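The structure appears right after this line, and notes come after that.
The values are calculated or read from the model by the stated rules, or taken from the named source; none is laboratory data. These figures come from a predicted structure and were not determined experimentally. We place every Cβ from the backbone using ideal geometry, glycine too, and count neighbours over all the protein chains shown.
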Amino acid sequence: MNELRGTTTLVGILGWQVWHSLSPRFQNAGFTALGLDWAYVPLPVRPEALADAVRGIAAAGFAGANITIPHKTAAVGLCDEVDDLAAEAGSVNTLVFLDGRVRGSSTDITAIAAAVEAKGRSALVLGSGGSAKAAVAALRTAGAEVTTATRHDADWPPNGADSDIVVNATPVKDDPIVSPRAGQQIVDLPYNPNGEATALVTAAREAGCERVVDGLDILLAQGAASFELWTGLPAPIVAMREALRSTI
C-alpha cells in the first residue's frame, strides 16, 4: 500500500469480510502509476454497522469507497443521490463523497455490460444479491432478454442450456451450477484470491464457450471505473492489471 501521510487522500472497500479482496493491490498500483498521493484500504464492516461506517469515513475526509458483499443493496438507502442505472438495479458498489453528499453508482453494471455481446440474446442470471441485480440491469440495458434463478427456486439448479449468456452472481466457486455448452457466453463473478479458475470457468473453457469472463476480469473493469469516478482521471489499466495478476 502507498505510504500514508497527512496529505493522503483515502478511499476503501466496505464489506464483510474483506480480508481476501484484491482491490487494494491494484487500486494502489493505479495511484502509484499516476503519482497520486492516494491510498486504498480494506474496511471490514458488519451489516449492522454499515450506516455508521459510511457516515464515519465521509466525515473523516475519504474521497469515496467501494461496496462489496453483503452491503450492495443496503448502501442504496445511504446515498443522497444514485445514478439511473444503480437506481434501476437497486444496487451500488461505488460511493463518491463530494460537497457533503454521498453519490452512489454501480460500476458492476458497466463492467458486466462491456464483457458480453448482449443485444438480442437471452441471458440467465444466477443469484439474488446486489451483484445479481447489477447483472440483470446491465444485460437488460444492453438489449438482452433476462431471466433469473436462485437457490430458493423449486427448480434449482436451473438448466442454462437454452440461454445465450449465463452470469453467475452467487458466491459459489466450487460447483459450476449449470453445464455450459459451446457457443455460450459465460460470466463468473466470484473469483479465487489465488487466481485458480472457478468450477464454472473451468467447465466453460472445456465446453468451448464463445466467451468466458472470469471474476478477475470483472473485478478489474469495475475497479477501473470506480477509480475514474473518484479521481476524475483515466485509470492506468495496464499497471492495474499487472498488479492484479502478479499477486496471484
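Tabulated values for the structure
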| read-out | value |
| --- | --- |
| Which numbered condition residue 131 fails, given (1) polar (S, T, N, Q); (2) assigned to a strand (DSSP E or B); (3) crowded, with 23+ Cβ neighbours inside 10 Å | (2) |
| Residue among 33, 51 that alone is closer than 23 Å to residue 224 by Cβ, in the same structural domain as residue 230 (by TED's automatic domain parsing) and among the aliphatic types (A, V, I, L, M) | 33 |
| Residue match in segment 135-151 (condition: hydroxyl-bearing (Ser, Thr, Tyr), in contact with a Phe, Trp or Tyr (Cβ under 9 Å, 6 or more places away or on another chain) and modelled with pLDDT of 95 or more) | yes |
| Members of segment 103-125 that are more than 27 Å from residue 78 (Cβ to Cβ) and crowded, with 18+ Cβ neighbours inside 10 Å | 115, 116, 118, 121, 123, 124 |
| Boolean, residue 137 is free of Cβ contacts under 8 Å to residues at least 60 places away in the same chain, within 16 Å of residue 221 (Cβ to Cβ) and assigned to a helix (DSSP H, G or I) | yes |
| Which listed residue, of 177, 165, is crowded, with 20+ Cβ neighbours inside 10 Å and at positive phi | 177 |
| Filtered residues of segment 70-99 (kept if at positive phi and either in contact with a Phe, Trp or Tyr (Cβ under 7 Å, 6 or more places away or on another chain) or without any contact (Cβ under 8 Å) to a residue 12 or more places away in the chain (or both)) | 99 |
